[in-house]
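K.L.:
Take this structure, written in structure tokens, and hold onto it; I'll ask about it next.
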Amino acid sequence: MARDTGSQCKQCRREGQKLFLKGERCLTDKCGVERRSYPPGEHGRGRQKQSEYRVQLREKQKAKRYYGVLERQFRIYYAKASRQQGVTGENLLRMLECRFDNVLVRLGFAASRRQARQLILHGHWTVNGRRVNIPSYQLRDSDVVAIHAASSAGQVIRDATELTGQVPAWLQADHDSLTAKVLRRPERREIAAPVQEQLIVELFSK
């Protein structure tokens with residue numbers, strides 16, 4: 001299974017903002033963006049030409065890195081979003097938000113998407129009573145997420161819940177029993193991703 005194993009701090013620095021890819025570390029002074037607020041590489045501090053294409057490309061790269069998906073996966077998501085009714089950019093973000101690994105982060109059951117992905121791959125979570133080990137699994141209305149009865153990751157998950165702020169209105173979480181429910185699909189105003197989806201649509205429309 002393909003996955004990105006590169007430095008996450010460099011990804012945040014490349015996009016010029018915190019993408020919160022490393023959980024608690026992003027909230028401390030050790031954050032790469034806090035220590036070096038310029039892009040990585042030999043020419044990171046040089047002047048860069050701002051073109052329309054560059055702005056659109058950077059927005060697409062930011063979305064990919066924020067949600068932890070690869071280029072081919074991202075293009076498949078976009079193709080599906082463009083075939084759905086409604087606004088393509090919003091459809092794209094809704095599908096990315098409803099990924100199993102992302103929902104665990106939104107619920108506070110994982111400190112980062114990489115941690116959520118590992119917990120899912122190791123079979124620590126169930127959906128509607130059945131074990132699901134696919135991070136990209138699309139959660140739907142009324143799906144119930146719960147920790148597997150035989151899971152040994154309970155303490156790790158409870159530690160992650162301490163970093164949680166507010167759970168989005170489209171989700172319902174019980175941090176005591178480590179269970180949750182998807183109430184509905186998220187609205188655009190409820191998606192906290194730092195992404196301008198219209199720029200991505202313009203890039204793929206060329």
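K.L.:
Just to be sure I understand the model, the point goes 7 Å from the Cα along the line to the Cβ. What's the resulting Q166 to E71 distance in nm?
P.N.:
3.9 nm
K.L.:
Calculated FRET efficiency, V144 and V87, Cβ-Cβ r, R0 22 Å, to nearest 0.05? Before the final figure, lay out each step's value.
P.N.:
Numbers: r = 29 Å, r/R0 = 1.32.
Here the calculated transfer efficiency is 0.15.
K.L.:
Which of the pairs K64/K181; K80/K181; K62/K206 have their Cα atoms more than 22 Å apart in this structure?
P.N.:
K64/K181; K80/K181
K.L.:
Taking the mean number of other Cβ atoms within 10 Å as a proxy for protection, how do you rank 102-108, 61-67 from highest to lowest?
P.N.:
Final packing ranking: 102-108, 61-67.
K.L.:
Return the sequence-ordered ³J(HN,Hα) values of the range 127-132 in whole Hz as given by the Karplus equation 6.51 cos²θ - 1.76 cosθ + 1.60 applied to θ = phi - 60°, using x for Gly and Pro.
P.N.:
Once θ is set to phi - 60°, the couplings for the range 127-132 become 10, 6, x, 10, 5, 10 Hz.
K.L.:
Read phi for every residue in the range 101-107 and hand back ³J(HN,Hα) as whole Hz from Karplus 6.51 cos²θ - 1.76 cosθ + 1.60, θ = phi - 60°, with x for Gly and Pro.
P.N.:
After applying 6.51 cos²θ - 1.76 cosθ + 1.60, I find 5, 5, 4, 4, 5, 4, 6 Hz.
K.L.:
Once amide H atoms are placed 1.01 Å from N in the peptide plane, what residues at a sequence separation of 5 or more from W125, or on another chain, have their amide H within under 5 Å of its amide H?
P.N.:
Residues meeting the criterion, in which the H sits 1.01 Å from N, are V132, H148.
K.L.:
Here is a further query. Just the Cα atoms of the range 99-184: what Rg and Dmax do they give in Å?
P.N.:
So, for the range 99-184, Rg and Dmax equal 11.1, 30 Å respectively.
Every read-out reported here was derived from the displayed coordinates using simple, explicitly stated rules and does not represent laboratory data. Remember, it's a predicted structure, so these values are computed and weren't measured experimentally. Because the Cβ atoms are built from the backbone with ideal geometry, glycine has one as well, and the counts that use them run over all protein chains shown.
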